[in-house]
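The values are calculated or read from the model by the stated rules, or taken from the named source; none is laboratory data. Every value quoted in this text rests on a predicted model; they were computed, and no experiment measured them. Don't worry about glycine lacking a Cβ; one is built from the backbone with ideal geometry, like all the others, and counts go over all protein chains shown. What goes into the accessible areas is simple: the full protein's heavy atoms, side chains included, and nothing from ligands, DNA or RNA. Shrake-Rupley method; radii C 1.70, N 1.55, O 1.52, S 1.80 Å.
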Amino acid sequence: MRPTGKLHLGNYMGALYNWVRLQNELDADGQPKYECYFFVADWHALTTDYSDTSKIKQNTLEVTLDFLAAGLDPEKSVLFVQSHVPQHAELHLLLSMITPLSWLERVPSYKDQQEQLNQKDLATYGFLGYPLLQSADILIYQPDFVPVGADQVAHVELTREVARRFNQFYPPYGAKNDLKVPFVLPEPKVLLTPSPKLPGTDGRKMSKSYANTIELTDSEDVIRKKMKTMVTDPARIRRTDPGDPDICPVGDLHKVFSSPETMAKVYEGCRSAGIGCIECKGWVADAIVTLMAPLQERRKKYEADPNLVKIILRDGERRAADRAEQTMQEVRQAMQLMAAGETGE
């Protein structure tokens, strides 16, 4: 995740919740099913926020705390900061030598973000190349799967194409026809994870850029205050007007966070005008506050011990760098680049 500020409910339900489930999933033998790598993508933050880097360091810490609060466990997963593992940059550079410009220009989010962030100058090499940096972030760990929502499938497909092109140019060094390992960079598969529709307080997609978020660190009072301002079904102008939870942003939140019993009350009360919007908002606020309580308790533990967070990141960076260097040794050999200290004789 990019460190552009504290994480919000949309980040949690769209990614973090699924990441925690993956790290805890066991195989048939009771062993961890996945070896997971999760990092704070500080270089990616520079692709759009390069003109003001004053908040990146603090935001990196905030995102790390949110990772830990959500339940990512450094004993089960590798947690680190992207820029502290320089092999990401080396692989990005090498992949940039073989990636056609047209592949980057056709990435759906390239033009979309330029339009959405039109107040920023995004006519930079870094912004054009960020999908390739993302590919390097993935391929450096030679993964089997990338856990993403449906909106990120195009980025993984680019990664697969880049890996395929690399493997065509550079088979494993010294490989013959009887290859035991037929390629250096595997083409990772998409591991689709559920990403529920999560509207912000203004009814649009929850996003920091819209200033409509409920942050994972918001207190109960702040959550309830934000919920009271949330837009509802436009058909409910008066208290006596019936509404429809299926077209109401508050109803969308109920579908994610509320129990079946509460949902039944919402449908009955809203459609019959038996409840008001304030009461309905209060119920979903109850569910969100209950969800957030254990996350915020975990966060307090790490906030109280900054040195522990540093230790966790340092250990994660070491583990990530060790694994990334294994890949880079194979990449350098396949590309027949001279190793450090090699004479070439």
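Values for this structure:
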read-out: For residue 2, solvent-accessible area (1.4 Å; no DNA, RNA or ligand), Å²; value: 80
read-out: Difference of contour (0.36 nm per residue) and Cα-Cα distance, residue 244 to residue 116; value: 43.0 nm
read-out: Accessible area per residue, Å², segment 284-329 with all protein chains present, probe 1.4 Å; value: 54
read-out: Label-to-label distance, nm, for residues given as residue 191 and residue 296 (7 Å Cα→Cβ offset); value: 3.1
read-out: Length added when fully stretched, residue 287-residue 25, from 0.36 nm per residue minus Cα-Cα; value: 91.8 nm
read-out: Total lysine pairs under 20 Å (Cα atoms) in segment 253-345, excluding pairs fewer than 8 apart on one chain; value: 5
read-out: For segment 1-129, with +1 on Lys and Arg beta carbons and -1 on Asp and Glu, the positive-most of 60, 92, 4 along the dipole; value: 4
read-out: Pair residue 54, residue 315: separation of 7 Å Cα→Cβ label points (nm); value: 3.6
read-out: Structure-based [θ]222 nm, the chain - -39500 (n - 2.57) summed over DSSP H runs of at least 4, per residue, nearest 500; value: -16000 deg cm²/dmol
read-out: Fraction of beta bridges assigned by DSSP in the chain that are antiparallel (%, nearest 5); value: 25
read-out: Packing rank of 276-284, 246-254, 328-336, where each peptide gets the mean count of other beta carbons within 10 Å, highest leading; value: 246-254, 276-284, 328-336
read-out: Dipole in debye (nearest 20) - segment 186-345, about Cα centre, beta carbon charges: Lys, Arg +1; Asp, Glu -1; value: 580
read-out: Heavy-atom accessible surface of segment 1-126: percent carbon and sulfur, 1.4 Å; value: 51
read-out: Average accessible area per residue (Å²) across segment 28-71 - probe 1.4 Å, nucleic acids and ligands excluded; value: 50
read-out: Using a Förster distance of 45 Å, the FRET efficiency for residue 35-residue 211 (Cβ separation, nearest 0.05); value: 0.75
read-out: Listed residues 133, 149, 113: farthest to the positive end of the dipole of segment 111-193 (Cβ charges); value: 133
read-out: Debye, to nearest 20: dipole size of the chain, +1 on Lys, Arg Cβ, -1 on Asp, Glu Cβ; value: 700
read-out: DSSP H segments from the chain that extend 20 Å or more along their own axis, Cα-based, with Kyte-Doolittle mean of -1.0 or above; value: 56-70, 125-139, 153-169, 277-303, 306-334
read-out: Accessible area of residue 169 in the full protein assembly, 1.4 Å probe (Å², nearest 10); value: 110
